[in-house]
Amino acid sequence: MAYLNSPRLTFSGQFQADPSTVNNDPTHFNNETFKPEYQKFSDGDNPNGWWNPEGTGSWRFLSCGVKSVTYMDGTSTSNPADDPIIGMTIMDSSSKVAGKIVDLDTQQQMVSALWGLVVRLVSGDKEIIKSDYEVASFTNIWMARAPKLGGDTRAAAIFQSVLTNISWDIDSCNSRYLNELYSVSKDKLSIQFTTDLYDMDHTSPQFTIGRIVGSIGPYFEGEPTHITIGRPLVPQNPSTTNYANAIVDSKLNQLVLDLANSFQINPDGKLIDNSNLQLAVNKGENGNDDLIAIGEIILNDADWYGIKSGINTIALGDKTSLVEQYPLVILDSEKNILFRESIEYVCADKFVFYLNPNEKCQVDLYASKLGQPLAGKEIEFQLIDIPFGPTPPVAGVPKSTIKLPTPITSDASGKAVLTIKADDPGNPRGYIDGQVFGVAYNFSDAYFSDCNQSNFISLLVFDSVDPSKIANPSWEDILPIMQQYSNLYPLMSKGIFNLADQTIVDQNAEILKFVFSKDRKDPNYMPATRDLSRDKSSMIINYLDSVLNQAGVKDSITFKKL
Amino acid sequence: MIFLKAINIETIEELRSAVQTAIELEHSTIPPYLTANFTLVNTGNDEISNLIGSVVGEEMLHLSIACNLLNALGGSPVLNQPGFIPTYPGPLPGGVDTGLTVPLEKFSLDLIKNVFMSIEEPENPIQIKSMAMAEDSMTIGQFYQKIKDKIGKLESEAKQKGSTIFTGDPSYQLTFAKFFPEKLLFPITDEDSAIKGINIIVDQGEGTDIDPFVNPEDTMEEEPAHYYRFEEIYKGKTLVKDPSATAGYSYSGAPIVFNEKNVPNMKENPKMADFPKDTLAYQYSKLFNFTYTCLLNSLHLTFNGQTDQINESMGLMFSLRLYAGKLLATSYPNQPGYVAGPSFEYVTNEDLNDSDTALLAQKPS
């Protein structure tokens, strides 16, 4: 059960992502060679600080409204007269700072995560639902989504996560949908959205804003939180189509198909080709196709994206057992096969991890076959050699940093837990802390290259710091770190605190200690980029403590800087 | 000098209402001071900026003291309503209409002299005599004196009946020792602590009759009262003890130089609605105002039982500064030579989500 199950709602609107981009070039981390122009916007001749050097890091919903609901009995409406939730607003927090969008690393910018995001459903100024979005990274980034546009405006990506710490105030709403949702999933909800048409032009009125469509549905304990076990559909021509997923709801005799990030669009956001498609199953064996038509996939529908969030529901009637038994295919009107189901499939739930030396992380992998748990299946792992971000410096080395186990086997529920242990990478990148690694996975009887190439595990392993330095740091010890933040985040260094200035740091030791000590999930945590190692964090806090102990006075200028 | 409408306080309800007015009044000076200060960021005017910033910090303290007082008196501070923010340009809350008009403007020496010094002008008996004071008006000093008097009167009446007017839940009292020493921000639980709190507000704002410097008990560092800090900026010299001067003090200390060159040419009194919706100025104005509204929401929670929420408020204050910077770096639409600026408007969810379908459908660059 997840966002594709009933009862679900769809929403659409806009989002703002305002990352700072000076750090998009790994060489900008080198304090020795940093130039002031790296803090400027790129111009025709020079990349400088790329397209948004003054980013705040904020990520927020803008103008997002609930557009449709699907009830537990499978019926849907997009009419506010039927259900007052239609037209309510999806917003982030109204009483703390916006969530943050954060790259894992300057050399792995393709799994950016949302931290500290609050998700609320509001009606006018009344808060109906308030919840915390569990940190999640995007995946399935597709650079060919809007082929007529440039830069990241071409791209689309999806985020899937869960909403926790939910407070409900639905009694006065008189919404059948909300009552049903509360009755089946009051503690946690599943949420997924697709983002595209992101505006990177800093002279445009829509700068840092993009389009979003999504869905919220029930979540049940024990299920993965960032993926939906379903019917993974592999594009047969990845240059014009992208991965999709579907679930079969056998109670309702329906197939629910998420195609939001699967087809190319024009600059106006409409599908380049909105011809309807055919869903079929493939009874063929040994590479021969034997297709049986199941139903039509309607794309030629003005509501398809903005109202239905690119989700198609196909009534299966008496064909449910066929669909449960055989792999799916999707065909175009000329009978070309656009998608084939990956019959046996394995996918990591959480796929982005930060590790300090000698720390371990556990990766939950789920093996499935035609949407059902696949037990007793062996899964293998391999470090990825090719860089997945800009270079230099060299990424992914030394490989000995990462300890991977021998193949592991899925249990009766299809689940397998991979434990990854990290050693100290030993500062292989010099001016950038730690190292990034990628771990590919697949069944032992399949090829890594056959995977969805977004399906790998990303790791950032930090360097260690000499314990005596951590315990008793001088300004000179922390200056290189502070100088780097000052260089890379000009909005902070010019607008609030220049962290490279000892006087400023010392005079604001109390507030700085406060934000450096916050929980990483807090949107006020510093650094917003979440790229500070355990050891360096301790070193900075110890330095600030020593200032506070020495001075014994309150910050002298914090309030002058508000 | 600011004149407030004369108020009558007889009952505990009227006392609470007067303290709510005090909260609004203490808040109302923050947007104009902050706006001027935002225009000084990175302009080589750190000294002036720190002086204004120190006043802003103390206005925040005064707001907190007033909220603690209202909570102590069994009231509930209201900070999250549209009417909480005054309209700029306009009179301050509780002010008489014929009084001073307070704008949101870039920093200038004229603004310091004509507005900020007027707001903070102490109650000087000689001046008061020479000013035609409307019969139904009072000074800020008189306003707080009246509150103090009525606290004394109502509390002694209550005590005679074996009760107290300090009926508030003590857990609602905000202290924030990380940033405000407890001698300045402390729980208000009785008449003594209430009077002590009000005295800090008045002393930091006006100083005493004989000394322009704030009583050392009432401050973190040696500093003149607000009026004199602004006058230092206007005169361009720090205020120092000067035995040769008649008052014993003169503006003859270290120079405070104003570098006008880099101050952004912010158009005065911007309004979000004045920016065309298809402009970056509108987007940033909306985000600034949303952040400001979030800050008021957060402060409202802080002073209504969720004292830990002050930490979220702090984050929002920094965030506000960033969006002000973005506005001041953005051209004012259709006004060549001017930049946009902060408007400090309360936005509702509807304001924020006026999803303009034209914008949604707009072809991205």
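Tabulated data
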{"item": "Some residue of region B:201-208 being outside the structural domain of B:T307 (by TED's automatic domain parsing), in contact (Cβ under 8 Å) with a residue 60 or more places away in the chain, assigned to a loop (DSSP other than H, G, I, E, B) and farther than 15 Å from B:N68 by Cβ", "result": "yes"}
{"item": "Among (1) acidic (D, E); (2) farther than 30 Å from A:A244 by Cβ; (3) at pLDDT below 95 - the single one A:D450 does not satisfy", "result": "(2)"}
{"item": "Residue that is surrounded by the most Cβ atoms within 10 Å (Cβ to Cβ), among those in region B:56-97 that are hydroxyl-bearing (S, T, Y) and under 27 Å from B:I233 (Cβ atoms)", "result": "B:S64"}
{"item": "Members of region B:293-310 found to be facing chain A (nearest Cβ under 10 Å) and part of a helix (DSSP H, G or I), listed by number", "result": "B:T293, B:C294, B:L295, B:L296, B:N297, B:S298, B:L299, B:H300, B:L301, B:T302, B:Q309"}
{"item": "Among the candidates B:T238, B:T208, B:T189, B:T164, residue that is of a type in the set (S, T, Y) and at pLDDT below 90", "result": "B:T208"}
{"item": "Residues of region A:495-504 classified as assigned to a helix (DSSP H, G or I) and of a type outside the set (A, V, I, L, M), total", "result": "3"}
{"item": "Condition met for B:K261 (facing chain A (nearest Cβ under 9 Å) and basic (K, R))", "result": "no"}
{"item": "Meets criteria (more than 29 Å from B:I65 (Cα to Cα), modelled with pLDDT of 95 or more and not hydrophobic (A, V, I, L, M, F, W, C)) for B:P264", "result": "yes"}
{"item": "Filter result for the condition that a residue is among the charged types (D, E, K, R) and at pLDDT below 95, over A:K494, A:K518", "result": "A:K494"}
{"item": "Selection from region A:505-518 of residues that are within 11 Å of chain B (Cβ to nearest Cβ), assigned to a helix (DSSP H, G or I) and more than 15 Å from B:R321 (Cβ to Cβ)", "result": "A:Q507, A:A509, A:E510, A:K513, A:F514"}
{"item": "So A:T33, is it away from chain B (no Cβ under 14 Å), surrounded by fewer than 24 Cβ atoms within 10 Å (Cβ to Cβ) and in a loop (DSSP other than H, G, I, E, B)", "result": "yes"}
{"item": "Some residue of region B:295-302 being farther than 19 Å from A:D519 by Cβ and in contact with a Cys (Cβ under 7 Å, 6 or more places away or on another chain)", "result": "no"}
{"item": "Residue match in region A:449-472 (condition: surrounded by fewer than 20 Cβ atoms within 10 Å (Cβ to Cβ) and within 29 Å of B:A177 (Cβ to Cβ))", "result": "yes"}
{"item": "Residues that are in contact with an Asp or Glu (Cβ under 7 Å, 6 or more places away or on another chain), within 27 Å of A:Y182 (Cα to Cα) and among the hydroxyl-bearing types (S, T, Y), drawn from region A:120-162", "result": "A:S161"}
{"item": "In region A:295-338, the residues that are basic (K, R) and within 21 Å of A:S215 (Cβ to Cβ)", "result": "A:K308"}
{"item": "Selected residue [touching a residue at least 12 places away in the same chain (Cβ under 8 Å) and surrounded by 20 or more Cβ atoms within 10 Å (Cβ to Cβ)] from A:I311, A:I343", "result": "A:I311"}
{"item": "Pair list, Cβ under 6 Å, 6 or more apart: region B:312-332 residue more than 8 Å from every other protein chain (Cβ to nearest Cβ), other residue hydroxyl-bearing (S, T, Y) and surrounded by fewer than 23 Cβ atoms within 10 Å (Cβ to Cβ)", "result": "B:Y332/B:Y338"}
{"item": "Where A:Y3 falls short, out of the listed (1) touching a Cys at 6+ places or on another chain (Cβ under 8 Å); (2) part of a loop (DSSP other than H, G, I, E, B); (3) hydroxyl-bearing (S, T, Y)", "result": "(1)"}
{"item": "Enumeration of residues in region A:235-289 that are acidic (D, E), away from every other protein chain (no Cβ under 14 Å) and assigned to a loop (DSSP other than H, G, I, E, B)", "result": "A:D273, A:E285, A:D289"}
{"item": "Residues being within 17 Å of B:F180 (Cβ to Cβ) and either more than 11 Å from the chain's Cα centre (by Cα) or within 11 Å of chain A (Cβ to nearest Cβ) (or both) - total across region B:20-63", "result": "10"}
{"item": "Residues of region B:267-292 classified as hydroxyl-bearing (S, T, Y), more than 8 Å from every other protein chain (Cβ to nearest Cβ) and out of contact with any Lys or Arg (no Cβ under 8 Å at 6 or more places or on another chain), total", "result": "2"}
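Results for (1) of a type outside the set (K, R); (2) within 22 Å of B:P270 (Cα to Cα); (3) free of Cβ contacts under 8 Å to residues at least 24 places away in the same chain; (4) in contact with an Asp or Glu (Cβ under 8 Å, 6 or more places away or on another chain), shown as yes or no for each residue.
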site	(1), (2), (3), (4)
B:Y33	yes, yes, no, yes
B:V41	yes, yes, no, no
B:E47	yes, no, no, no
B:A66	yes, no, no, yes
B:F84	yes, yes, no, yes
B:T87	yes, yes, yes, no
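The values are calculated or read from the model by the stated rules, or taken from the named source; none is laboratory data. Computed from a prediction, not measured in an experiment: that's the story for all the values here. All Cβ positions, even for glycine, are placed from backbone atoms using ideal geometry, and neighbour counts span all protein chains on display.
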